[in-house]
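Just below is one structure, and these are the notes that go with it.
Please treat every number below as a calculation from the coordinates, not as lab data. A quick note: this is a predicted structure, and the numbers were derived from the prediction, not measured. All Cβ positions, even for glycine, are placed from backbone atoms using ideal geometry, and neighbour counts span all protein chains on display.
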Amino acid sequence: MAAYTAEVLWSRATGEAFTDNRYSRRHLLRFDGGVEVQGSASPQVVPLPFSVVDAVDPEEAFVSSLSSCHMLWFLSLAARQGFVVDRYRDLAEGVMAKNPAGKLVMSVVTLRPETTFSGERQPTPAELQALHEQAHDECFIANSVKTEVRCEPLTPPRS
């Protein structure tokens, strides 16, 4: 069993109000490898200036974790099958909606991976679809959430 850590740091600015809900949501996300990323509530959830546009919000982090996990599995599976992937790009999107209990949830995340291959061995459309299906089945993050995760790969140009 592996454990993963992240440290989240926030502090109230000197003199900043708090109980009136008018405080900055800017915070720091520090990961176990030493990487630090600015975090904030989404400006779609908390209005400016109390949120920060140029920081990662939890909703973006959630979507990117699903996308990243899928990509890493896809690359591993493609390599095992002898396909050479030159580029992988995903324009992933998460949609917030109310669940049956009336709570806001990330209701669906759609991955839209686009891959470029080189070499003699190129995947057929069926092989490409199978790679994405297997990557989805193996993704630890997708297996850990209730959110519907869709994969709609973009078809690579054929040479």
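Observations, loosely collected:
- Here is the list for segment 74-137: trypsin sites (Lys or Arg not before Pro) lying in DSSP coil, each with at most 13 other C-beta atoms within 10 angstrom of its C-beta, are LYS103, ARG121.
- Spin-label model distance (nm) - GLU127 vs ALA101, 7 Å beyond Cα toward Cβ: 4.6 nm
- Mean shadow area of segment 58-151 over all directions, Cα convex hull, nm²: 6.1 nm²
- Over segment 58-151, relative contact order from alpha-carbon pairs under 8 Å, at least 6 apart, %: 34 percent
- Entry for the chain at q = 0.16 Å⁻¹: log10 I(q)/I(0) = -1.01, Debye formula applied to identical alpha-carbon scatterers, no solvent contribution.
- Amide H within-cut-off set for MET96, under 5 Å, with H built and near neighbours excluded: SER107
- Judged by the mean number of other Cβ atoms found within 10 Å, the most tightly packed of the peptides 9-15, 33-39, 132-138 leads the ranking 132-138, 33-39, 9-15.
- Pairwise label distance in nanometres, THR14 with VAL35, each label 7 Å out on the Cα-Cβ vector: 3.4 nm
- Legend note: in the chain, cysteines whose Cβ sits 4.7 Å or more from every other cysteine Cβ are CYS151.
- Normalised contact order of the chain, rounded percent, pairs of Cα under 8 Å and 6 or more residues apart: 17 percent
- Calculated [θ] (222 nm, deg cm²/dmol) that DSSP helices of n ≥ 4 give over the chain, each run adding -39,500 (n - 2.57): -8000 deg cm²/dmol
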